[in-house]
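To start, the structure itself, in structure tokens.
The values are calculated or read from the model by the stated rules, or taken from the named source; none is laboratory data. If you're wondering where the values come from, they're calculated on a predicted model, not measured in any experiment. A quick note on method: Cβ atoms are made from the backbone with ideal geometry, for glycine too, and the neighbour counts reach across all protein chains shown.
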Amino acid sequence: MLIAIASQNFRTITGHAGMTRRFMVFDAEPGRPPHEVERLDLPKEQSIHEFRGEGAHPLDAVQVVIAGSAGAGFVSRMAARGIKAVVTSETDPMTAVANYLAGTLVAPASDDHDDHDEDGGCNCSCGAN
């Protein structure tokens, strides 16, 4: 299974999945350690927030995307592409992938990004407009 981690710095899990342009992709299966197989560094027009094109997208190869936060627009766009979107308070990518596979991935304590609109815009105080 391929799992993408939203990571603007390629070290930690970051939020605002719809605006994220950098992803670490892990090949992972229960019973074996996950290993990184690819890094995506997408142009702005391929962030899910901006991507309006029909057809292939680099995230189409993954089955799961894990991020620190994701709005309803991101979750529904991923679901339409057959990809499960998951949010977590975990910041370490390897730990997040392993915990996802084990069914123990920690969800955020509170979702302070409930104000994201359908198009992925942010109306909360996080400054991601």
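Summary table
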item	result
Conditions (1) out of contact with any Asp or Glu (no Cβ under 8 Å at 6 or more places or on another chain); (2) closer than 20 Å to V97 by Cα: number failed by V25	(1)
Of all residues in segment 38-47 being of a type outside the set (G, A, S) and out of contact with any strand residue (DSSP E or B) (no Cβ under 8 Å at 6 or more places or on another chain), the one that is surrounded by the most Cβ atoms within 10 Å (Cβ to Cβ)	Q46
Residues being touching a residue at least 24 places away in the same chain (Cβ under 8 Å) and either surrounded by 18 or more Cβ atoms within 10 Å (Cβ to Cβ) or part of a loop (DSSP other than H, G, I, E, B) (or both) - total across segment 53-87	20
Residues being within 17 Å of P93 (Cβ to Cβ) and surrounded by 14 or more Cβ atoms within 10 Å (Cβ to Cβ) - total across segment 14-37	15
Of all residues in segment 1-41 being more than 13 Å from the chain's Cα centre (by Cα), in a loop (DSSP other than H, G, I, E, B) and of a type in the set (A, V, I, L, M), the one that is farthest from L105 (Cα to Cα)	M1
Only listed residue being modelled with pLDDT under 95 and surrounded by 15 or more Cβ atoms within 10 Å (Cβ to Cβ), chosen from E118, E50, E90	E50
